Amino acid sequence: MINLSIKIGNLRLKNPVILASGTSGPEQKEFTNLKKLGAIITKSITPMSTIGNPLPRTVETSTGMLNSIGIENPGAQKFIEEKLPGFLSLNIPVIVSVAGKTQDEYIEVIKRFENTPVSGFEINVSCPNVKKGSIEFGKEPQVLEELTSKMRKATSKPIIIKLSPNVSNIQSLALAAENEGADAISLINTIYGLKINLETKLSELGSITGGLSGPCVKPVALYYVYKVSQVCKIPIIGIGGIMTTQDALEFIVTGASAIELGTVNFVNPNAGVEILSGIKNYCERQGIKSLKKLIGSRNF
Ligand SMILES: Cc1cc2nc3c(=O)[nH]c(=O)nc-3n(C[C@H](O)[C@H](O)[C@H](O)COP(=O)(O)O)c2cc1C
């Protein structure tokens, strides 16, 4: 038996494979056995419903995709009533992605979920597709520090701070979150991007710019995991372009304790289960009994 479990604050996941915010939901169980996975993260949720951005909201690019959903969601209360039961019925830890335009909005979402059986919060301070909030809280260390400290007081559940690659000071941001009691750092959210239609000379997205994800962002994401692993002691969750077992293992060896799968869910909804079994096989072949031995085992 290989021990693939990991801990994020007081939350133990049976394995490190997590489905990323905005790219998955209970409906995926028609195509795969979601019960096998470590955890699932909800779409980002705001206190009140958010309509989202004009269409089109997604477009393919070479080796990736652009999206500009704009955090469309029904609002915390309606989500709890209508969507949360579907997530909880999966019998794996459900992590709520939290977004807001102000500090108070982040706290409000957390308080709404505090007495539900969700297992923790991933804080979206990194969405590139909304005009107000989100990434504004993930650019300046002092701003992130203040938000993290307030959220820490509002919940005893684990807090994961999801950072953006669209910043110049990733290490100070990660440290600010760690110092104020965050239980983990996840990264990366999408990278600013644009695609032009040469016939119309318009953008291919209704909101003009979007966020880039998929295989093309993997080296960027690995770089950020590396940089954060040099300064932080709390677990890092690697996200960005993970399509295969090899990709997932590269993140773990670089320093990620867990990984999140995003764009791959649209291409192969069974990827999580396949990657999990690939990680197990790799550990078996290498004689590794515990995932902990592999995390951050890079030779540089
Ligand atoms: C269609 C789509 C919607 C997304 N929605 C959210 C969201 O609501 N909140 C969030 O934190 N990240 C969101 N993301 C970002 C992903 O969770 C992930 O960080 C990013 O796509 C990079 O991983 P990937 O290359 O594996 O997709 C979204 C990504 C996509 C493609």
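Data for the structure
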quantity	calculated
Protection proxy ranking of 264-271, 235-242, 43-50 - average other beta-carbon atoms within 10 Å, highest first	235-242, 43-50, 264-271
Qualifying GluC sites (Glu not before Pro) for the stretch 163-238 [loop in DSSP, other Cβ within 10 Å: at most 16]	Glu199
Spatially proximal aspartates and glutamates relative to Lys233 (Cα-Cα < 17 Å; intrachain offsets below 8 disregarded)	Glu145, Glu178, Glu180, Asp183
Using a Förster distance of 51 Å, the FRET efficiency for Lys233-Thr209 (Cβ separation, nearest 0.05)	0.90
Packing-based order for 62-75, 10-23, using average beta carbon neighbours within 10 Å, highest first	10-23, 62-75
Alpha-carbon centroids, the stretch 14-60 and the stretch 262-293: separation in whole Å	19 Å
Note, ³J(HN,Hα) from phi for the stretch 165-178, Karplus 6.51, -1.76, 1.60, rounded to Hz, x at Gly and Pro	x, 7, 9, 9, 10, 4, 5, 5, 5, 4, 5, 4, 5, 4
Cleavage-rule hits, chymotrypsin sites (Phe, Trp or Tyr not before Pro), the stretch 1-98, DSSP coil, Cβ neighbours within 10 Å at most 14	Phe31
Note, ³J(HN,Hα) from phi for the stretch 18-33, Karplus 6.51, -1.76, 1.60, rounded to Hz, x at Gly and Pro	10, 8, 6, 4, x, 10, 7, x, x, 4, 5, 5, 5, 10, 7, 8
Anisotropy class of the stretch 102-162 from Cα gyration tensor, a/c 1.5 cut	prolate
Share, in percent, of DSSP beta bridges within the stretch 1-108 that are antiparallel, nearest 5	60 percent
Glu27-Leu55 pseudo-label distance in nm [points 7 Å out on the Cα-to-Cβ vector]	1.4 nm
Cut-off 16 Å (backbone N to label point 7 Å along Cα→Cβ of Leu88), residues of the stretch 30-55	40, 42
Ratio Rg/Rh [Cα only; Rh per Kirkwood] for the chain	0.94
Rounded, prolate or oblate (a/c below 1.5 giving rounded, otherwise prolate when a/b exceeds b/c) for the stretch 1-129 by Cα gyration tensor	oblate
For the stretch 183-226: relative contact order, % (alpha-carbon pairs under 8 angstrom, 6 or more apart)	40 percent
Ellipticity estimate at 222 nm from DSSP helix runs (n ≥ 4, -39,500 (n - 2.57)) divided over the chain, nearest 500	-8000 deg cm²/dmol
Loop trypsin sites (Lys or Arg not before Pro), the stretch 130-217, which have at most 10 other Cβ atoms in a 10 Å radius of their Cβ (DSSP)	Lys131, Lys132, Lys201
Difference of contour (0.36 nm per residue) and Cα-Cα distance, Asn115 to Glu284	56.8 nm
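Where a number appears in this text, it was derived from the coordinates with a stated rule and is not lab data. In this text, all values refer to a predicted model and were calculated from it rather than measured experimentally. Note that we place each Cβ from the backbone using ideal geometry, even for glycine, and neighbour counts take in every protein chain shown.
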